[in-house]
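Working notes, structure below.
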Amino acid sequence: MTLLRGLEKWLEESKKTWPDELPKVLWSYKTSSRTGTGETPFKLAYSLEARLPVETGSPSHKAINFDEVSNIEGLKTNLELMDEVRDREVQKRERYKEKTKLYFI
């Protein structure tokens, strides 16, 4: 539903140029945190925070202080914890569904 609203909003104004606008809408959707989980679909899929396109072209704090060894260790730790993160997100989603269900009853 959120994706459809985003598509309508962005593409309504640019009917002829919608192929150029579609990647922006999809990026916005993938990198916006969800109410039910508090996480972005990008993070749940790739175990990483998404970088903004602006961050790829200019030096950021992350890029300047990048250390490959500690990055690899951090990625390994994130992978080890990802099952726990996903389990926690499933629990959050279930609680959110229950709250929503009670609201509409």
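Read-outs: derived from the displayed coordinates by stated rules, not from any lab. Keep in mind that what you see is a predicted model, and the values were worked out from it rather than measured. Here Cβ is always computed from backbone atoms with ideal geometry, including for glycine, and neighbour counts include all displayed protein chains.
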**Request:** Enumerate the calculated ³J(HN,Hα) couplings along region 38-45 in order (Karplus 6.51 cos²θ - 1.76 cosθ + 1.60, θ = phi - 60°), each rounded to whole Hz, writing x wherever the residue is Gly or Pro.
**Result:** x, 10, 8, x, 4, 5, 5, 7
**Message:** I want to make sure I understand the PRE zone here: with the label point 7 angstrom from the Cα of ASP83 toward its beta carbon, which residues in region 22-53 have backbone N atoms less than 19 Å away?
**Reply:** 44-48
**Message:** If R₀ is 25 angstrom, what is the calculated FRET efficiency for the pair SER58 and THR17, using the beta carbon separation as r and rounding to 0.05?
**Reply:** 0.40
**Asked** FRET efficiency for SER70 and ARG5, Cβ-Cβ distance as r, R0 = 41 Å, nearest 0.05?
**Response** 0.55
